[in-house]
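Here's the structure we're looking at; comments come further down.
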């Protein structure tokens, strides 16, 4: 994998995967996405691994999908969008149903596709400076993997998704059930490891069967058809040629992502990024 965009480390029975694009706030580009898919699959099959931690290098967990790469990819037709979005959803679904328990270790920004990635983990420990949310609607885009209502409930999910609020603080995320623990930033790694070690002390077979049983609830409620239905909704959004989406892509291509984000934020917050 080029430039080591994903670091893999075994700490006893715990495998830590560290996203390593700190200069891009660990935004999800092709290499990182493929690397994560492979690493989760390998860890799920490795009998020596009891728990998986997903961490991130640098000052933020993940700012979402790489919008510069998206803009450079140009316009896609309906089938191309469907294939791309279905593939992304299937990857998140596979991570969610990985047989091993997974813990997200989150600092600072965890936005859009980064929130998807965090939600596809079983548990989350975050620092007290963490911020969450989906800003997609504010530049005419859709949520790639609709996991949010399955974790925090439909009514609160609607509020976050309809407004595009992406500054949900850690204490509010804890109150709504988006994360499991909030700790001071300098204790994030140790607190995450402590949780992983507590899980790893138990019989792995029992933990994995328990996770499977819990997820059977979601399966019975139709999580996979619901996620697939969101793909179709997202295809409709991405192929609608909405002015906001077109303008955001145009500014990203011509002036860079920072300028596009400044344009977006000025419309909703009256500020420059």
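Within region 177-193, no residue that is in contact (Cβ under 8 Å) with a residue 40 or more places away in the chain and at positive phi sits with its Cβ atom under 7 Å from a residue that is assigned to a helix (DSSP H, G or I) and surrounded by fewer than 20 Cβ atoms within 10 Å (Cβ to Cβ) at 6+ positions apart or across chains. Among the residues of region 49-60, count how many are touching a helix residue (DSSP H, G or I) at 6+ places or on another chain (Cβ under 6 Å), in contact (Cβ under 8 Å) with a residue 40 or more places away in the chain, part of a loop (DSSP other than H, G, I, E, B) and under 16 Å from residue 187 (Cα atoms). Counting residues in region 49-60 that are touching a helix residue (DSSP H, G or I) at 6+ places or on another chain (Cβ under 6 Å), in contact (Cβ under 8 Å) with a residue 40 or more places away in the chain, part of a loop (DSSP other than H, G, I, E, B) and under 16 Å from residue 187 (Cα atoms) gives 1.
Could you check, for region 71-86, whether at least one of its residues is touching a strand residue (DSSP E or B) at 6+ places or on another chain (Cβ under 9 Å) and touching a residue at least 24 places away in the same chain (Cβ under 8 Å)?
No, region 71-86 contains no residue that is touching a strand residue (DSSP E or B) at 6+ places or on another chain (Cβ under 9 Å) and touching a residue at least 24 places away in the same chain (Cβ under 8 Å).
Of the residues making up region 35-48, those that are in contact with a strand residue (DSSP E or B) (Cβ under 9 Å, 6 or more places away or on another chain) and touching a residue at least 24 places away in the same chain (Cβ under 8 Å) are 35, 36, 39, 40, 43, 44, 46, 48. Checking 210, 253 one by one, the residue that is modelled with pLDDT under 85, over 18 Å from residue 119 (Cα atoms) and surrounded by 12 or more Cβ atoms within 10 Å (Cβ to Cβ) is 253 and no other.
Select from region 87-97 the residues that are in contact (Cβ under 8 Å) with a residue 12 or more places away in the chain and surrounded by fewer than 16 Cβ atoms within 10 Å (Cβ to Cβ) and list them in ascending order. Answer for region 87-97, where residues must be in contact (Cβ under 8 Å) with a residue 12 or more places away in the chain and surrounded by fewer than 16 Cβ atoms within 10 Å (Cβ to Cβ): just 94. Within region 212-259, being within 29 Å of residue 23 (Cα to Cα) and outside any helix (DSSP H, G or I) holds for one residue alone: 256. Taking (1) under 22 Å from residue 148 (Cα atoms); (2) at pLDDT below 95 in turn, residue 242 satisfies each apart from (1). Looking only at region 108-143, count how many residues are surrounded by 23 or more Cβ atoms within 10 Å (Cβ to Cβ) and part of a loop (DSSP other than H, G, I, E, B). Summing the residues that are surrounded by 23 or more Cβ atoms within 10 Å (Cβ to Cβ) and part of a loop (DSSP other than H, G, I, E, B) in region 108-143 gives 5. Each residue in region 148-196 was checked for being crowded, with 22+ Cβ neighbours inside 10 Å, under 17 Å from the mean Cα position of the chain (by Cα) and under 14 Å from residue 123 (Cβ atoms), and 3 of them qualify.
The values are calculated or read from the model by the stated rules, or taken from the named source; none is laboratory data. Remember, predicted model here, so these are calculated numbers, not experimental data. Please note: Cβ atoms are built from the backbone with ideal geometry, for glycine as well, and neighbour counts cover all protein chains shown.
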